[in-house]
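Following: one structure in structure tokens, then a few remarks.
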Amino acid sequence: MLDIVAWISLGIAFASAIVIAIDEIAHPQNMWVMNIVWPVTALYFSVFAVWGYFRVGRRMTRAAMAGAMGGMHREHHPEKPAAAGREPTFSQVAISASHCGAGCAIGDIIAEFAVFALGLSILGVGLYASYVVDFVLAWMFGIAFQYFAIKPTRHLTTGQALIAAIKSDTLTVTSFEIGMFSWMALAFFVFFSHSHMKPTEASYWFMMQIAMVCGFITSLPVNRWLLKTGIKEAMG
């Protein structure tokens, strides 16, 4: 029964990612990295990511942003940067979390297959090896995603943008992985302690979908604080 539910969940998630990716071909995001973020987010948030994309993401396309800027110029209202201390909206916090989550998700997917293929373990437990490799790759991809969001918006040099990305995303990645690792531990030590699932099984990735949703939730407070203090740039 779990396998059936897993295949249905994965199928809907992949279909959701394809729907978003096809729409992005006609309506590319103003910030190119978001063209990757939205479909990847759909891999674990499924139809909810599609809803978020058409509700918020469509207002972040090149055409929509160009139209908004044109309207501002016609009305002679100069664009003002978001002031530090201003309370970010929930959609801004959620987009920030999904931006980090996409990098984490890609890193985690690669890490899980690598750990399984290489038969890695720490203290005889494969989960501990997954934790280490997951975090390293998630951090690397998370920093890369943040770099491509910061550099064009702040007009920084490569070195400055990299330092800013590390500063703004390290805490976010850590908070995401805490939620994700907590669910992975429950699945490994409690729910399936006698028959551990493998990355070659659909049920394994169904559990990972839930783990990523947990990571998204635990990263929300941190993203809110980073946006409010101005450490991260608000999007949306």
If we keep only residues of the stretch 128-147 that are surrounded by fewer than 18 Cβ atoms within 10 Å (Cβ to Cβ) and not β-branched (Val, Ile, Thr), then the residue modelled with the lowest pLDDT is ALA144
Got at least one residue in the stretch 168-186 being more than 12 Å from the chain's Cα centre (by Cα) and of a type in the set (Phe, Trp, Tyr)?
yes
Just for the stretch 44-55: of the residues that are surrounded by fewer than 18 Cβ atoms within 10 Å (Cβ to Cβ) and not charged (D, E, K, R), which one is farthest from ALA15 (Cα to Cα)?
PHE54
Quick check on the stretch 157-166. Is at least one of its residues buried (at least 21 other Cβ atoms within 10 Å of the Cβ), touching a Phe, Trp or Tyr at 6+ places or on another chain (Cβ under 6 Å) and more than 20 Å from ILE210 (Cα to Cα)?
yes
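When you scan the stretch 1-99 for helices (runs of 4 or more DSSP H) that lie fully inside it, which ones turn up with 2 or more residues that are among the β-branched types (Val, Ile, Thr), at pLDDT 95 or above and under 18 Å from the mean Cα position of the chain (by Cα)?
Once the helices (runs of 4 or more DSSP H) in the stretch 1-99 are filtered for at least 2 residues that are among the β-branched types (Val, Ile, Thr), at pLDDT 95 or above and under 18 Å from the mean Cα position of the chain (by Cα), what remains is 2-26, 34-45, 47-55.
The values are calculated or read from the model by the stated rules, or taken from the named source; none is laboratory data. Since the model is a prediction, treat every value here as computed from it, not as a measurement. Don't worry about glycine lacking a Cβ; one is built from the backbone with ideal geometry, like all the others, and counts go over all protein chains shown.
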